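The values are calculated or read from the model by the stated rules, or taken from the named source; none is laboratory data. Keep in mind that what you see is a predicted model, and the values were worked out from it rather than measured. Glycine gets a Cβ as well: all are built from the backbone with ideal geometry, and neighbour counts include every protein chain shown. Just the protein is used for accessible areas: all its heavy atoms, side chains included, with ligands, DNA and RNA removed. Shrake-Rupley method; radii C 1.70, N 1.55, O 1.52, S 1.80 Å.
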Amino acid sequence: MTTGFDAVVAGAGPAGSAAALALARAGRSVLLLERGEFPGSKNVSGAAVYSPDVLEALVPRFWESAPVERVLTRRVICVTSEESSVALDFSSRRFASPPYNAFSVLRPRFDRWLADQAVAAGAVLLCSTVADEVLRDGAGRVRGVRVRREGGEIAAPVVIAADGVNSFLARGAGLQRELTGHDLSLGVKEVIALDRHTLEERFQLEGDQGVTYEFLGSVTGGVAGGSFLYTNRESLSLGVIVEIASLAEHRVRPHELLERFRAHPTVAPLVRGGRLVEYSAHMVPEAGQRMLATLAGDGILVAGDAAGLCFATGLYLEGINYAIASGRAAGEAAADALAAGDTSAAGLAGYRRRLEERGVLPDFRRFRLAPRFVMGERIHGLYPGIVTGIAERVLRSEGGRPKQKLLPAVTGELRRAGVPLRRVLRDLWEGGRAFGW
Ligand SMILES: Cc1cc2nc3c(=O)[nH]c(=O)nc-3n(C[C@H](O)[C@H](O)[C@H](O)COP(=O)(O)OP(=O)(O)OC[C@H]3O[C@@H](n4cnc5c(N)ncnc54)[C@H](O)[C@@H]3O)c2cc1C
């Protein structure tokens with residue numbers, strides 16, 4: 001068995017690189033393993049990095065050196081039917097200056113940059129190396145990992161599993177339960193190149209500012225989920241994210257959903273003339289609090305998607321910031337435990353404490369009801385049609401007929417959709433519990 005590292009981190013996504021960076025800065029020897037050819041080579045996100053203060057805590061004024069695409073100053077949330085859409089379009093000039101609110105990034109470049117920060121601080125990065133399973137000592141404590149390489153055992157008193165949503169290490173260590181198609185969604189994504197001038201004119205962007213669109217309703221053809229379109233410097237990232245159980249039930253192929261999304265009358269003009277340069281697919285842990293892993297065991301911590309720390313509530317789709325926050329917390333907790341000479345689950349308890357203090361676990365508790373609520377059939381299948389129907393009744397200009405007041409338009413649409421008012425009131429109550437109070 002090879003020795004010589006204080007810690008091994010599996011996975012050089014945002015969680016793993018943040019963990020390795022924190023450990024290296026604390027003066028610990030750390031090996032960062034990545035199965036891809038380089039960090040980010042296989043990673044998929046929208047990708048908007050929210051809560052930049054989380055990354056700034058690791059790399060001050062990161063936006064000056066990191067490969068960020070655009071500063072996101074506008075967010076459009078769009079409810080669609082087959083023919084129409086209703087949008088909430090929010091923009092703020094306050095989001096355009098430091099410390100900013102969010103950035104769009106391209107993962108192959110962003111992940112590589114973040115892993116480079118860890119390497120610059122002293123971490124050793126080993127790519128094209130898969131961590132297959134955890135190694136245990138006689139007492140059952142995790143003491144390293146087995147890798148798919150010659151001589152493949154690496155010993156370390158602490159392992160950080162940051163190997164993403166399908167974490168063999170967390171499961172192998174008994175910290176993650178078997179996940180179902182209701183816990184996981186599948187994201188399929190395209191990057192479409194568009195010349196900078198056209199893109200900025202089409203989306204009315206000033207300089208490096210950018211916009212994100214999120215869509216709910218007919219764009220997924222009845223499959224539970226939603227879709228997104230984000231602006232990069234000279235490209236668009238667009239994709240559909242749907243619950244795996246619902247996808248199987250509807251027997252639709254993911255790329256058909258993406259085609260449907262691209263052809264929607266609201267979306268087609270936004271992507272017109274673009275050239276497909278990348279296609280990818282990846283799973284998303286979307287069940288929130290319900291699917292969180294046990295965060296620590298003897299000699300092991302679990303961070304990022306591997307722990308289920310991805311926040312998908314309908315209002316938010318955030319995982320990169322939680323991955324960075326949890327990776328950093330795991331790295332710091334591991335460094336403390338190493339200094340105290342106790343890497344048991346109790347010795348690593350500083351991890352959970354940091355996640356509490358820095359607001360990560362409180363977010364998941366606060367919105368614990370939201371993932372199931374937004375995946376409900378009425379939210380993605382029924383109400384978008386009702387909302388666009390109401391808008392059409394109110395906004396259609398027809399001579400020869402008296403104009404409609406709002407309430408009859410609402411009740412008329414509910415009648416057409418066959419939804420009793422008491423059902424709507426119940427959904428409003430459930431929505432309030434999920435998001436409001
Ligand atoms: C389509 C889509 C859109 C999304 N949009 C957004 C968004 O806009 N904003 C946002 O914040 N989040 C978004 N997310 C969620 C976000 O991508 C994740 O939450 C985030 O990437 C989690 O980071 P991580 O480091 O935990 O895992 P990952 O990014 O998955 O990184 C895991 C790393 O581990 C490596 N690895 C895996 N197994 C092994 C192994 N056995 N040995 C060695 N290495 C291994 C992988 O190659 C990878 O580099 C989106 C996700 C998807 C799929």
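Mind listing whichever residues of the stretch 160-191 are assigned to a loop (DSSP other than H, G, I, E, B), polar (S, T, N, Q) and touching an Asp or Glu at 6+ places or on another chain (Cβ under 9 Å)? Walk me through it before giving the result.
Step one: of the stretch 160-191, the residues assigned to a loop (DSSP other than H, G, I, E, B) are 162-167, 173-183.
Filter once more, so that each one left must be polar (S, T, N, Q): 166-167, 176, 180.
Of everything in the stretch 160-191, those that are assigned to a loop (DSSP other than H, G, I, E, B), polar (S, T, N, Q) and touching an Asp or Glu at 6+ places or on another chain (Cβ under 9 Å) turn out to be ASN166, SER167.
Quick one: in the stretch 356-379, which of the residues that are touching a strand residue (DSSP E or B) at 6+ places or on another chain (Cβ under 8 Å) and part of a loop (DSSP other than H, G, I, E, B) is farthest from ASP6 (Cα to Cα)?
Checked the stretch 356-379; the qualifying residue farthest from ASP6 (Cα to Cα) is MET375.
Which pairs turn up if I take residues in the stretch 205-231 that are more than 25 Å from VAL68 (Cα to Cα) and look for partners that are in a strand (DSSP E or B) and more than 16 Å from the ligand (Cβ to nearest atom) with beta carbon separation below 8 Å, at least 6 apart in sequence or on another chain?
Listed pairs, sorted by first residue: LEU216/VAL79; LEU216/THR80; GLY217/VAL79; GLY217/THR80; GLY217/SER85; SER218/THR80; VAL219/THR80.
Can you tell me which residue within the stretch 255-305, out of those that are within 11 Å of the ligand (Cβ to nearest atom) and part of a loop (DSSP other than H, G, I, E, B), is farthest from ALA333 (Cα to Cα)?
Among residues in the stretch 255-305 that are within 11 Å of the ligand (Cβ to nearest atom) and part of a loop (DSSP other than H, G, I, E, B), the one farthest from ALA333 (Cα to Cα) is GLU286.
Pull up the stretch 72-99, narrow it to residues that are hydrophobic (A, V, I, L, M, F, W, C) and open to solvent by 20 Å² or more (accessible area, probe 1.4 Å), then point me to the one that is farthest from GLY381 (Cα to Cα).
Going residue by residue through the stretch 72-99, those that are hydrophobic (A, V, I, L, M, F, W, C) are 72, 76-79, 86-88, 90, 95-96.
Cutting the leftovers down to open to solvent by 20 Å² or more (accessible area, probe 1.4 Å) gives us 77, 79, 86-88, 90, 95-96.
On the way: ILE77: 16, VAL79: 11, VAL86: 15, ALA87: 17, LEU88: 19, PHE90: 24, PHE95: 33, ALA96: 35 Å.
Per the criteria, the residue is ALA96.
Please work out which residue is modelled with the highest pLDDT, limiting yourself to the stretch 44-70 and to residues that are more than 25 Å from ARG25 (Cα to Cα) and either surrounded by fewer than 22 Cβ atoms within 10 Å (Cβ to Cβ) or near the ligand (Cβ under 10 Å from one of its atoms) (or both).
Quick first cut of the stretch 44-70, residues more than 25 Å from ARG25 (Cα to Cα) only: 44-48, 69-70.
Then drop every residue that is not either surrounded by fewer than 22 Cβ atoms within 10 Å (Cβ to Cβ) or near the ligand (Cβ under 10 Å from one of its atoms) (or both), which leaves 44-48.
On the way: VAL44: 92, SER45: 90, GLY46: 88, ALA47: 92, ALA48: 96.
Looking at the filtered set, the residue picked out is ALA48.
Quick one: in the stretch 324-341, of everything that is open to solvent by 10 Å² or more (accessible area, probe 1.4 Å) and within 14 Å of the ligand (Cβ to nearest atom), which residue is nearest to PRO384 (Cα to Cα)?
ALA325
Condition (residue is at pLDDT 95 or above, farther than 25 Å from GLY314 by Cβ and open to solvent by 40 Å² or more (accessible area, probe 1.4 Å)) applied to the stretch 391-406: is it met by at least one residue? Please lay out each step first, then the result.
Quick first cut of the stretch 391-406, residues at pLDDT 95 or above only: none.
No - not one qualifying residue is present in the stretch 391-406.
Let me spell it out: the conditions are (1) farther than 19 Å from VAL30 by Cβ; (2) within 13 Å of the ligand (Cβ to nearest atom); (3) touching a residue at least 40 places away in the same chain (Cβ under 8 Å), and ASP163 meets all of them except one. Which number is the exception?
Failing condition for ASP163: (1).
May I ask you to list the residues in the stretch 165-175 that are open to solvent by less than 20 Å² (accessible area, probe 1.4 Å) and over 10 Å from ALA293 (Cβ atoms)?
VAL165, LEU169
Out of the stretch 23-36, which residues are farther than 15 Å from ASP116 by Cβ, more than 6 Å from the ligand (Cβ to nearest atom) and not in a strand (DSSP E or B)? If you could, list the steps in order and put the result at the bottom.
Within the stretch 23-36, the subset farther than 15 Å from ASP116 by Cβ is 23, 26-29, 31, 33, 35.
Still in the running and more than 6 Å from the ligand (Cβ to nearest atom): 23, 26-29, 31.
Of everything in the stretch 23-36, those that are farther than 15 Å from ASP116 by Cβ, more than 6 Å from the ligand (Cβ to nearest atom) and not in a strand (DSSP E or B) turn out to be LEU23, ALA26, GLY27, ARG28, SER29.
Take the residues of the stretch 3-13 that are open to solvent by 10 Å² or more (accessible area, probe 1.4 Å) and within 6 Å of the ligand (Cβ to nearest atom): which is nearest to ASN321 (Cα to Cα)? Before the answer, list the steps.
At the first step, the residues of the stretch 3-13 found to be open to solvent by 10 Å² or more (accessible area, probe 1.4 Å) are 3-6, 11, 13.
Okay, now just the ones that are also within 6 Å of the ligand (Cβ to nearest atom), so 11, 13.
Working: GLY11: 16, GLY13: 11 Å.
Only one residue fits best here, namely GLY13.
Any chance you could count how many residues in the stretch 123-143 are over 28 Å from the mean Cα position of the chain (by Cα) and surrounded by 15 or more Cβ atoms within 10 Å (Cβ to Cβ)?
As a first pass, look at the stretch 123-143 and keep what is over 28 Å from the mean Cα position of the chain (by Cα): 135-143.
Then keep just the ones that are surrounded by 15 or more Cβ atoms within 10 Å (Cβ to Cβ); that gives 135-136, 141-143.
Residues that pass the stated criteria total 5.
Return yes when ARG358 is open to solvent by 10 Å² or more (accessible area, probe 1.4 Å), closer than 26 Å to ARG112 by Cα and away from the ligand (no atom under 12 Å from the Cβ) and no when it is not. Spell out how you get there, then give the answer.
Details: open to solvent by 10 Å² or more (accessible area, probe 1.4 Å): yes; closer than 26 Å to ARG112 by Cα: yes; away from the ligand (no atom under 12 Å from the Cβ): yes.
So ARG358 fits the description; yes.
Within the stretch 403-423, track down each residue that is touching a helix residue (DSSP H, G or I) at 6+ places or on another chain (Cβ under 7 Å) and small (Gly, Ala, Ser).
ALA409, GLY412, ALA417 - these are the residues of the stretch 403-423 that are touching a helix residue (DSSP H, G or I) at 6+ places or on another chain (Cβ under 7 Å) and small (Gly, Ala, Ser).
Go through the stretch 240-275 and count every residue that is on the phi > 0 side of the Ramachandran plot and either at pLDDT 95 or above or aromatic (Phe, Trp, Tyr) (or both).
First pass over the stretch 240-275, keeping only residues on the phi > 0 side of the Ramachandran plot: 251, 273.
Checking the rest, the ones that are also either at pLDDT 95 or above or aromatic (Phe, Trp, Tyr) (or both) come to 273.
Matching residues across the stretch 240-275 total 1.
Name the residues in the stretch 306-355 that are on the phi < 0 side of the Ramachandran plot, in a loop (DSSP other than H, G, I, E, B) and not hydroxyl-bearing (Ser, Thr, Tyr), would you?
Here is the first cut: in the stretch 306-355, the residues on the phi < 0 side of the Ramachandran plot are 306-307, 309-313, 315-340, 342-355.
From the residues that got through so far, the ones that are in a loop (DSSP other than H, G, I, E, B) too are 309-310, 313, 315-316, 319, 342-349.
Of everything in the stretch 306-355, those that are on the phi < 0 side of the Ramachandran plot, in a loop (DSSP other than H, G, I, E, B) and not hydroxyl-bearing (Ser, Thr, Tyr) turn out to be LEU309, CYS310, LEU315, GLY319, ASP342, ALA345, ALA346, GLY347, LEU348, ALA349.
Give GLU243, GLU206, GLU178 a once-over and let me know the one that is closer than 25 Å to ALA263 by Cβ and open to solvent by 10 Å² or more (accessible area, probe 1.4 Å).
Numbers: GLU206 fails: closer than 25 Å to ALA263 by Cβ; GLU178 fails: closer than 25 Å to ALA263 by Cβ.
Exactly one of GLU243, GLU206, GLU178 is closer than 25 Å to ALA263 by Cβ and open to solvent by 10 Å² or more (accessible area, probe 1.4 Å), namely GLU243.
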